[in-house]
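This report concerns only the one structure given below.
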Amino acid sequence: MKAKIITISAALIIAIVFYSCQKDASGPKIEFKLKKVNGTTFKINETVQFLFEFTPKTIDKDTLFIARKFFTCSQAPDTLKQTFPAFEGVLKSELEYSFVYGTGGPFNGCVIPVSKTDSLTYKFWVKDGKGNVSDTITSPKIILLKP
């Protein structure tokens, strides 16, 4: 009987140690997924809209990171960030990121060396004030037509 109890206890301790080693040391993952994109080909002055489902882990101010990777343009990849207020007490919400293509700066398409049609993907992730980070979401290929 003693041998069974020791064996069960040892197995329980091993399981607890194994489980605790599997936890993410950086804290809880923020749940973040792409629900909808309003298209894949856009003309100048059209609105590009991404809709996400978002479940915050804390009530801190959160930051949305947006990285662009062009496929044929010589423009270097870049990363933008946008803070948004905390969703205190909210378990699940929607987050929208939208812009009008061609309004300047990061909302232009390929402008280096000359304006031309190009395709790109956007990568999105969220980080909260405590350093918890979501998985990275990659958009479908987006085509921005030559102005």
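Overview of values
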read-out	value
Verdict on Phe87 being at pLDDT below 75 and either within 18 Å of Lys33 (Cα to Cα) or not in a loop (DSSP other than H, G, I, E, B) (or both)	yes
The one condition in (1) in a helix (DSSP H, G or I); (2) modelled with pLDDT of 80 or more that Lys4 fails to fulfil	(2)
Candidate set: region 94-139, residues that are in a strand (DSSP E or B) and modelled with pLDDT under 80; chosen: the one nearest to Thr47 (Cα to Cα)	Cys110
Residue tally, condition under 18 Å from Phe65 (Cα atoms) and either surrounded by 15 or more Cβ atoms within 10 Å (Cβ to Cβ) or among the aliphatic types (A, V, I, L, M) (or both), over region 122-147	13
Within region 33-52, tally of residues that are assigned to a strand (DSSP E or B) and over 14 Å from Asp118 (Cβ atoms)	10
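The values are calculated or read from the model by the stated rules, or taken from the named source; none is laboratory data. For clarity, every value in this text was computed on a predicted model and none was experimentally measured. Neighbour counts run over all protein chains shown; Cβ positions are idealised from the backbone, glycine included.
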